[in-house]
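To keep things clear, I will list the structure first and then write my remarks on it.
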Amino acid sequence: MGTQPLETAAARKATIKKVIRRSAPDQSQRIRRIAQGIFIALNVWIGLQFYLWVRGFESGGLGLHISRPAGVEGWLPIAGLMNLKYLLVTGHVTPIHPAAMFLLIAFLLMSLLLKKSFCAWLCPVGTLSEYLWKLGRKVFGRNLRLPRWADLSLRSLKYVLLGFFVVIIASMSAEALAGFMLTPYGLVADVKMLNFFRTLSLTGAVVLGVLALLSMLVQNFWCRYLCPYGALMGLASLLSPLKIRRDPEACIECGKCARVCPAHLKVDQLVQIRSVECSACMACVAACPVENGLQFALPPSRTAAERWRGRIASPRAVAAILAVLFLGTVLFARITGHWRTNLPREIYAQLVPHANEVTHPGMDGPSSSLGSVR
């Protein structure tokens, strides 16, 4: 009887895995923050250029003569979806807001190859959301975690919103899509988007304030529950060959990966993460203390000795692939002449100063046709 505890302890010790600590510190979060910063800077530059372009028309040509940055169309996801359907139906690229479609294609390609990496590595709204919940953790000491039933119910909202837009666009003919883009509303949708923030109403300010507060309290509130763009990227990411994969032979079951996952996924209990909520942020990989315990990778080799050789996507590789897909798509659109919306300045001179007066084509009003604002 006296030797039983010693024998049990010895047996447990014999079954303890040999821990191989990481040979080098993880760089994924530093590289991801750099990618986020570069994309934020790019969007700020585009936004400033677009603002000055709009002000030039509002001042009657007295301001700086700046060309319209086509990259601003990346903030027109609905136009991107409409133009993508037009391309699939007709085989032609619409001349109005073509950059919106090409940027959507680039982001979808990212999701098809690298999970929902656009959301965690590039999306400015995703970056803002991440910093808001981190700020909330510092201010309030913790982030709230909703009950499972509430979390699942709210997560469905972004798919409902996505379905709403998809059904409407799917029901439109190619002629209707082209016609919508040629309405004053379609032509200056980007200007109206800018004016929404320039002349923010009390209601708009309250809504944005509530969303900001909720994003501080709940991790990635907007992205997790309300963003239809993220829902689309998540569905595309189901086909991604690269996934977060756990090696049960190396894993020491410390649970650190699951605790840091912003999507609350049970990384420590799964062999691979298929969930549409995974954004390949690699926070779980950064938290893993052992070599090859967790990685963003292709399926492992059957050869035990070279299980992960040539299969792991390093943070630098992820950043490089994202850059190639983004810059390659933009370059292709430029070379083929399908990047800029080439409208005469006279039309913009008529529309831009009166953008707030332009209503949606589905609404009754005198400004629903191009001729009414000439």
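Any read-out appearing in this document is the output of simple, stated calculations on the displayed coordinates, not a laboratory observation. Quick caveat, the model's predicted, so the values are computed rather than measured. Cβ atoms come from the backbone with ideal geometry, glycine included; neighbour counts cover every protein chain shown.
Assign one of three labels to the chain, namely rounded, prolate or oblate, based on the Cα gyration tensor with a ≥ b ≥ c the square roots of its eigenvalues; rounded applies when a/c is under 1.5, prolate when it is not and a/b is larger than b/c, and oblate otherwise.
It comes out prolate by the Cα gyration axes.
At what distance in nm do the modelled label points of PHE140 and PHE164 sit from each other, each positioned 7 Å from its Cα along Cα→Cβ?
A separation of 2.5 nm, rounded to one decimal place.
Rounded, prolate or oblate for region 134-196? Axes are the square roots of the Cα gyration tensor eigenvalues, ordered a ≥ b ≥ c, and the cut-off for rounded is a/c under 1.5.
Note, shape of region 134-196 comes out oblate.
Using Cα springs under 10 Å in a Gaussian network model of the chain, which residue among LYS85, LYS138, LYS256 shows the largest mean-square fluctuation?
For the chain, modelled as a Gaussian network with Cα springs under 10 Å, the answer is LYS138.
Only Cα pairs under 8 Å and at least 6 apart count here; give the relative contact order of region 158-249 as a rounded whole percent.
Numbers: 24 pairs, mean separation 48.2, N = 92.
Relative contact order for region 158-249 comes out at 52 percent.
Would you mind checking region 152-180 for residues with the amide N under 11 Å from a putative spin-label position 7 Å along Cα→C-beta of ILE78?
Only 165-166, 168-169 pass the distance filter.
Near the amide H of LEU144, under 5 Å away, which other amide H atoms are found, from residues 5 or more places off or on another chain, if H is placed in the peptide plane?
Those qualifying (amide H under 5 Å, at least 5 residues apart or on another chain) are VAL218, GLN219.
Mind jotting down the distance between the C-alpha centroids of region 79-120 and region 147-202, whole Å?
15
With contacts defined as alpha carbon pairs under 8 Å and 6 or more residues apart, what's the relative contact order of the chain in percent?
It comes to 25 percent, rounded to a whole number.
Taking the Cβ-Cβ separation of GLU357 and PHE332 as r and a Förster radius of 41 Å, what is the calculated FRET efficiency to the nearest 0.05?
Computed FRET efficiency for GLU357 and PHE332: 0.65.
Could you compute Rg(Cα) / (2.2 N^0.38 Å) for region 35-173, with N its residue count?
Details: Rg = 18.8 Å, N = 139, 2.2 N^0.38 = 14.3 Å.
Normalised by 2.2 N^0.38 Å, the Cα Rg of region 35-173 equals 1.31.
Taking 22 Å as R0, compute the FRET efficiency from the Cβ-Cβ separation of ILE34 and LEU270 and round it to 0.05.
0.15
Using Cα springs under 10 Å in a Gaussian network model of the chain, which residue among ALA317, ALA99, ALA287 shows the largest mean-square fluctuation?
Fluctuation is largest for ALA317.
Compute the FRET efficiency between VAL260 and THR303 as 1/(1 + (r/R0)^6), taking r as their Cβ-Cβ distance and R0 = 25 Å, and round to the nearest 0.05. Walk me through the numbers before you get to the answer.
On the way: r = 31 Å, r/R0 = 1.24.
With a Förster radius of 25 Å, E is 0.20.
Just the isolated ones, please: cysteines in the chain lacking another cysteine beta carbon under 4.7 angstrom.
CYS119, CYS123, CYS223, CYS227, CYS251, CYS254, CYS261, CYS278, CYS281, CYS288
So what's the back-of-envelope 222 nm ellipticity for the chain, counting only DSSP H runs of four-plus at -39500 (n - 2.57) apiece and dividing by all residues, rounded to 500?
Details: 16 runs with 205 residues, N = 374.
Dividing the helical sum by the residues of the chain leaves -17500 deg cm²/dmol.
State, as an integer percentage, the relative contact order of region 22-98 based on alpha-carbon contacts under 8 Å between residues 6 or more apart.
The normalised contact order for region 22-98 reaches 19 percent.
Pop a pseudo-label 7 angstrom from the Cα along the beta-carbon direction at both ASN342 and ALA150 and give the gap in nm to one decimal.
In this crude label model, ASN342 to ALA150 measures out at 5.5 nm.
Please give me, ordered by residue number, the GluC sites (Glu not before Pro) of region 251-342 that lie in loop per DSSP and have at most 12 other Cβ atoms within 10 Å.
In loop regions of region 251-342 (DSSP not H, G, I, E or B), the sparsely surrounded GluC sites (Glu not before Pro) are GLU253.
GNM on the chain, C-alpha springs below 10 Å: top fluctuator among TRP149, TRP308, TRP133?
Residue with maximal mean-square fluctuation among TRP149, TRP308, TRP133: TRP149.
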